[in-house]
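A.B. asks: Pasting in a structure now, in structure tokens, and then I'll have a few things to ask.
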Amino acid sequence: MSLFDVTVEASCGAARALSFETAHGTVRTPMFMPVGTHATVKGITTDQLHALNSQVVLANTYHLYMRPGVDVVEEAGGIQRFMNYDGPMLTDSGGFQLFSLDHMMKTDADGVTFHARDYDGSAHRWTPESNMDIQQRIGADICMQLDQCIGYPCEKEDVAASTALSWEWAKRCCDAHTRIDQALFAIVQGGMHLDLRLESVRRLLEIDAESRSSGGRGFQGFGIGGYSVGEPHDVMFETLGQVTRALPDDRPRYLMGVGNPTTLVRAVREGVDMFDCVLPTRTGRMGTAFSSQGRMNMRNAKYKRDFTPLDHACDCPVCRQYTRAYLRHLVMQKEMLGGILLSVHNLHFLISLMGRAREAILGGTYEEFYRAWMASPAANDY
């Protein structure tokens, strides 16, 4: 099988189990991708990532561009060698980070000018072409088009203009991307408006077909961006299923920036294959754990003399070796080990959850898996 050719191993309703090859190994979905923004998943070693059965790890183009610099990563032999992770990797374009710079950023039809206020305040100019050059030099297995992410709430005419700019940039990214051992994913935008999202899909598919008809590679997958930007939780699900069903069956579908357990379970049911989010490590560092009984705040005094495992239903190293009382002690003392252990547990929770979802799809029982999850106390964690 050629790089990035997708095999649909099974489907159950809209839920799918896919596999595809990258230069750094086989990817199997549904899957959760740990986020290593700065070429590190905070507090987690690459050996631990492998032990957790991590597949793809995500890094961020904006932050690597700013520090240590693309030339350093390239000189090291690419992002995998730089951070000593020999599995598949994905780089986000950095578009969302530019969106977060807000008034320090100016977008026009050709590209975006921004001041890196979270570093040294220096001025920079990106175009879709220069962004593709940066991501190809970083060398992850999957790169994302440069897009424009817009906030919520927002006037529909502004969402429409932003969405059009994103698909125009998608074509330029497609034309500029030449690295054959790297996949390029386009990104569906459109805010919370179904018509704009379906128009985005239509335009991206036209670009893909035009590229392939002229001997290009088109897009090897599709991100779904612009959700989880402040909208109420259920608003996303008003449009998500129709968007995923409009996308090709033979390409992965990646819901960007979403990491709540129940959201993952529901989105798989709608046909999503890939997820990423900083949530498991960020909440871990804040002293919070995912669990089969719902989210647990380890600062709670009820855990002070609780010498039982963190989650009785979990078989991760943390739950096998440490008690709730000890983990609470670490959190209350602000010991870095507390955040590390909870991060390990939270990552295992989401990676394992998607592993169980895959097994249910392969077994033709995803609807039963979904109903059991939604009836459990963990379903409240969305």
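The values are calculated or read from the model by the stated rules, or taken from the named source; none is laboratory data. Bear in mind that the values here come from a model prediction, so they are computed numbers and not experimental data. Positions of Cβ are backbone-derived with ideal geometry, glycine not excepted, and every protein chain shown enters the neighbour counts.
A.B. asks: Is one or more of the residues making up region 78-99 part of a strand (DSSP E or B), in contact with a strand residue (DSSP E or B) (Cβ under 7 Å, 6 or more places away or on another chain) and without any contact (Cβ under 8 Å) to a residue 12 or more places away in the chain?
C.D. replies: First, pick out the residues of region 78-99 that are part of a strand (DSSP E or B): 89-92.
Remaining after also requiring in contact with a strand residue (DSSP E or B) (Cβ under 7 Å, 6 or more places away or on another chain): 89-92.
Checking which are without any contact (Cβ under 8 Å) to a residue 12 or more places away in the chain leaves us with none.
No: region 78-99 contains no residue that is part of a strand (DSSP E or B), in contact with a strand residue (DSSP E or B) (Cβ under 7 Å, 6 or more places away or on another chain) and without any contact (Cβ under 8 Å) to a residue 12 or more places away in the chain.
A.B. asks: Still on this structure: In the set Ala140, Ala123, which member is of a type in the set (A, V, I, L, M) and surrounded by 23 or more Cβ atoms within 10 Å (Cβ to Cβ)? Explain how you work it out, then say what you get.
C.D. replies: On the way: Ala123 fails: surrounded by 23 or more Cβ atoms within 10 Å (Cβ to Cβ).
Checking each option against the conditions leaves just Ala140.
To keep it simple, each residue is scored yes or no on (1) at pLDDT below 95; (2) over 26 Å from Ser100 (Cα atoms); (3) of a type in the set (D, E, K, R); (4) outside the structural domain of Gly94 (by TED's automatic domain parsing).
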site: Ser213; (1), (2), (3), (4): no, yes, no, no
site: Gly225; (1), (2), (3), (4): no, no, no, no
site: Asn260; (1), (2), (3), (4): no, no, no, no
site: Arg295; (1), (2), (3), (4): no, yes, yes, yes
site: Pro309; (1), (2), (3), (4): no, yes, no, yes
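A.B. asks: Then there's this: Name, by its number, the condition in (1) part of a loop (DSSP other than H, G, I, E, B); (2) among the hydrophobic types (A, V, I, L, M, F, W, C); (3) in contact with a strand residue (DSSP E or B) (Cβ under 6 Å, 6 or more places away or on another chain) that does not hold for Leu342.
C.D. replies: It is condition (1) that Leu342 fails.
A.B. asks: Now, a different point. Pick out, from region 113-219, the helices (runs of 4 or more DSSP H) lying fully within it that include 3 or more residues that are within 13 Å of Tyr62 (Cα to Cα). If you could, list the steps in order and put the result at the bottom.
C.D. replies: On the way: elements: 128-138, 156-176, 194-213.
Hits in region 113-219: 128-138.
A.B. asks: Is it the case, given these coordinates, that Arg371 is surrounded by fewer than 20 Cβ atoms within 10 Å (Cβ to Cβ), among the charged types (D, E, K, R) and more than 30 Å from Tyr227 (Cα to Cα)? Give the derivation first.
C.D. replies: On the way: surrounded by fewer than 20 Cβ atoms within 10 Å (Cβ to Cβ): yes; among the charged types (D, E, K, R): yes; more than 30 Å from Tyr227 (Cα to Cα): no.
Answer is no for this residue.
A.B. asks: Going through region 146-170 one residue at a time, which ones are touching a residue at least 60 places away in the same chain (Cβ under 8 Å) and more than 18 Å from His193 (Cβ to Cβ)?
C.D. replies: Residues satisfying the conditions do not exist here.
A.B. asks: Among the listed residues Val27, Val70, identify the single one that is modelled with pLDDT of 95 or more and farther than 22 Å from Tyr119 by Cβ.
C.D. replies: Details: Val70 fails: farther than 22 Å from Tyr119 by Cβ.
The match here is Val27.
A.B. asks: Pairs only if they're at least six apart or on different chains, beta carbon under 9 angstrom, first in region 228-246 and of a type in the set (Phe, Trp, Tyr), second in a helix (DSSP H, G or I); list them, first residue then second.
C.D. replies: Cβ pairs passing all conditions: Phe237/Thr263; Phe237/Arg266; Phe237/Ala267.
A.B. asks: Here is a follow-up. I'd like the residue in region 326-382 that is more than 20 Å from the chain's Cα centre (by Cα) and among the hydroxyl-bearing types (Ser, Thr, Tyr) and, out of all such residues, is farthest from Ala15 (Cα to Cα).
C.D. replies: Across region 326-382, the extreme among qualifying residues is Tyr326.
A.B. asks: Is it the case, given these coordinates, that Phe99 is within 22 Å of the chain's Cα centre (by Cα), within 21 Å of Gly223 (Cα to Cα) and surrounded by 16 or more Cβ atoms within 10 Å (Cβ to Cβ)? Can you show your working first?
C.D. replies: Numbers: within 22 Å of the chain's Cα centre (by Cα): yes; within 21 Å of Gly223 (Cα to Cα): yes; surrounded by 16 or more Cβ atoms within 10 Å (Cβ to Cβ): yes.
When the stated conditions are applied, Phe99 passes them.
A.B. asks: Sticking with this structure for a sec: Taking Val41, is it buried (at least 24 other Cβ atoms within 10 Å of the Cβ) and either of a type in the set (Phe, Trp, Tyr) or under 21 Å from Ile180 (Cα atoms) (or both)?
C.D. replies: Numbers: buried (at least 24 other Cβ atoms within 10 Å of the Cβ): yes; either of a type in the set (Phe, Trp, Tyr) or under 21 Å from Ile180 (Cα atoms) (or both): no.
So Val41 does not fit the description; no.
A.B. asks: Another question, then. Inspect all residues belonging to region 272-290 and state whether any of them is part of a helix (DSSP H, G or I), crowded, with 19+ Cβ neighbours inside 10 Å and more than 24 Å from the chain's Cα centre (by Cα).
C.D. replies: no
A.B. asks: Another question, then. Have a look at Pro88, Pro30 and point out the one that is touching a His at 6+ places or on another chain (Cβ under 8 Å) and within 30 Å of Asn260 (Cα to Cα). Working first, answer last.
C.D. replies: Numbers: Pro30 fails: touching a His at 6+ places or on another chain (Cβ under 8 Å).
It is Pro88.
A.B. asks: A further question on this structure: Specify the residue that is surrounded by the most Cβ atoms within 10 Å (Cβ to Cβ); the eligible residues are those in region 251-271 that are assigned to a helix (DSSP H, G or I) and touching a residue at least 40 places away in the same chain (Cβ under 8 Å). Reasoning before the result, please.
C.D. replies: Pass one, region 251-271, residues assigned to a helix (DSSP H, G or I): 261-269.
Filter again for touching a residue at least 40 places away in the same chain (Cβ under 8 Å), leaving 261-266, 268-269.
Working: Pro261: 26, Thr262: 18, Thr263: 23, Leu264: 24, Val265: 24, Arg266: 22, Val268: 29, Arg269: 23.
Within region 251-271, the match that is surrounded by the most Cβ atoms within 10 Å (Cβ to Cβ) is Val268.
A.B. asks: Next question. Which numbered condition in (1) outside any loop (DSSP other than H, G, I, E, B); (2) under 18 Å from the mean Cα position of the chain (by Cα) is the only one that Lys42 fails?
C.D. replies: With respect to (1) outside any loop (DSSP other than H, G, I, E, B); (2) under 18 Å from the mean Cα position of the chain (by Cα), Lys42 is out only on (1).
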